[in-house]
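Single-structure report; data block below.
We did not get these values from a lab; they are worked out from the coordinates using the rules stated. As the structure is a computational prediction, the values presented were derived from the model and not from experiment. Every residue, glycine as well, gets a Cβ built from its backbone with ideal geometry; the counts of neighbours run over all protein chains shown.
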Amino acid sequence: QVRKAQAKVDQLLRDKRRVEELVNRGLEAKDKLETAESELEMARAELANKKSTLELLKAPPRPEEEAVIQSEIQRQQARLDYLTRQSEAQVIVSPISGIVSTPANSHSIELQVAGNDTVELLVPVSDFDLPLVHPGQQVSVKLRSYPRRVFTGEVVRIPEAAQGDADHAQFLVSVVVPNDDGLLRPGMSGYAKIHVGRISPFGLVWRKVLSSLRVEFWSWW
């Protein structure tokens, strides 16, 4: 910048001398000389300003200037740290590998990650049939997506509380089904048969009578 300003001053100085010589010969008007002198003075002032700026940059900063510079560095570092955290927050790391999905009827930004190796099914069981269900029992599952295939699972958890109202109370029993081929996906529905073991004919009849009385009782209530 200083060299460029110096070159401009040198050129205007030569132009000013040339115009001055022409004015002295009467070949040029005096206002041309005044214009050349004015441009030369402006160029010299610009050159002086450039030199002062260069000297200021070369000189070490004063304590008050150093404090201002240090404060600006800290401010910029804080902004950089904030932007870095914002960038890292855009990446969500899941502890497991699986299928990412959005829950149905969700009004917020929420994602679910379902593992591929096994799938947990929620099988509704009435409170009347719940005493027959125990962890470890085998479960046969047929899905609407694969009506000709039977998947085999196992009861792993029985909830403490039922879902729904008193007339339609059901316990959502958790059943784990292997999903080695990856066919089972979140949101699928179908039918499940829990193998509760052998029950005597008298027991079956008695349960049907109780079930009938239970439904009639709740309807009457």
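For region 2-87, the percent of C-alpha pairs falling in each 10 Å distance bin, counted from 0 to the bin holding the largest distance, reads 16, 23, 18, 16, 13, 9, 4, 1.
Each of V23, Q77, N49 was scored by the projection of its Cα onto the charge dipole of region 1-82, and the greatest displacement toward the positive side belongs to V23; charges sit on the C-beta of Lys, Arg, Asp and Glu. Taking 28 Å as the straight-line reach from the Cα of K4, the lysines in range (excluding those fewer than 8 positions away in the same chain) are K16, K32, K50, K51, K58. Sorted ascending by nearby beta carbons within 10 Å, beginning with the fewest, K193, K50 become K193, K50. Residue by residue, region 36-45 carries 3J(HN,Hα) couplings of 5, 5, 5, 5, 5, 5, 5, 5, 5, 5 Hz when phi is fed to the Karplus relation 6.51 cos²θ - 1.76 cosθ + 1.60 (θ = phi - 60°); x denotes Gly or Pro.
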